Amino acid sequence: MGLCIGRQQGRTRRWWQRLVAVSRVNGVLRSPSPQLRRSDNQRSAILIQADMSMPRDDLPFCECRWLERAAHDQHCPVEFDPKLNEYNLKTTNGGSMRIYHCPFCSGRAPESLRSQMFAVVSPEETVRLHLLTKGITNEAELRAALGEPTHIFEPGVVSIDAEVDGHAPEIRTAKSLRYDQHSETATISANVHRDGRVRISFSGKYIG
């Protein structure tokens, strides 16, 4: 009998609920990451954010090997990404959500290799980019200062608030503009919210 039993319809949802429920019982508020993993060129196209804590670094690594067995079970919507050394929960729409903790022992998943796939942005370069984007408050100022973006994602960010007092979580979206041409090591990302606010951040470029 496989680790995961059930029809395709609703299977991922049940296991998502199982992962979250067990994680909450063990004090781990964020088992699978809500970040959708797409192709390398689209990986930052959509980011789903939730009001949750980061994975628990104080917990030991998983030793029960459930994640490893689940990834080898064709009936279980868990997959292993050897390139990133990450386990993910497959969704019915072709996406996936990263699993940070084992749903049975609450141990941490293996250390991800994701950070090794991105360039390191030096403190000097961070300061330079900060000064380059300082004072930008809206999209018009952003385009005037940086020009046309390398990529535009709409929506680029989907944020989901936590459920409060029985009220359904609110979903907010924002357009994302990404600039790759202003730095050899960093990407400039700007999220343009519906009220016109612009939030700018820097991240290391993908180097594979």
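The listed residues are Ile152, Ile188, Ile200, and the only one of them that is β-branched (Val, Ile, Thr) and more than 22 Å from Ser115 (Cβ to Cβ) turns out to be Ile152. Annotation: of all residues in segment 58-72 being assigned to a loop (DSSP other than H, G, I, E, B) and surrounded by 14 or more Cβ atoms within 10 Å (Cβ to Cβ), the one that is modelled with the highest pLDDT is Cys62. In segment 82-95, the count of residues that are assigned by TED's automatic domain parsing to the domain that holds Arg56, out of contact with any His (no Cβ under 6 Å at 6 or more places or on another chain) and basic (Lys, Arg) is one or more.
Taking the criterion of being in contact with an Asp or Glu (Cβ under 8 Å, 6 or more places away or on another chain) and buried (at least 18 other Cβ atoms within 10 Å of the Cβ), the residues of segment 100-111 that qualify are Cys105, Gly107, Arg108, Ala109. Scanning segment 84-102 for residues that are part of a loop (DSSP other than H, G, I, E, B) and either in contact with a Cys (Cβ under 9 Å, 6 or more places away or on another chain) or modelled with pLDDT under 90 (or both) turns up Thr91, Thr92, Asn93, Gly94, Gly95, Cys102.
The residues of segment 112-154 that are surrounded by 15 or more Cβ atoms within 10 Å (Cβ to Cβ) and under 25 Å from Arg194 (Cβ atoms), listed by number, are Thr133, Ile136, Glu139, Leu142, Leu146, Pro149, His151, Phe153. Looking only at residues of segment 103-138 that are hydroxyl-bearing (Ser, Thr, Tyr) and outside any loop (DSSP other than H, G, I, E, B), we find that the one that is farthest from Ser189 (Cα to Cα) is Ser115.
Looking at Val25, Val20, which is the one that is closer than 21 Å to Ala162 by Cα, modelled with pLDDT under 55 and touching a Ser or Thr at 6+ places or on another chain (Cβ under 7 Å)?
Details: Val25 fails: touching a Ser or Thr at 6+ places or on another chain (Cβ under 7 Å).
None of the other options fit; the residue is Val20.
Residues in segment 134-164 that are among the small types (Gly, Ala, Ser) and in contact with a Leu (Cβ under 6 Å, 6 or more places away or on another chain): there are none.
The set of residues in segment 155-178 being buried (at least 17 other Cβ atoms within 10 Å of the Cβ) and of a type outside the set (Gly, Ala, Ser) consists of Val157, Lys175, Leu177, Arg178.
The values are calculated or read from the model by the stated rules, or taken from the named source; none is laboratory data. In this text the structure is predicted, and so the values were computed from the model without any measurement. Every residue, glycine as well, gets a Cβ built from its backbone with ideal geometry; the counts of neighbours run over all protein chains shown.
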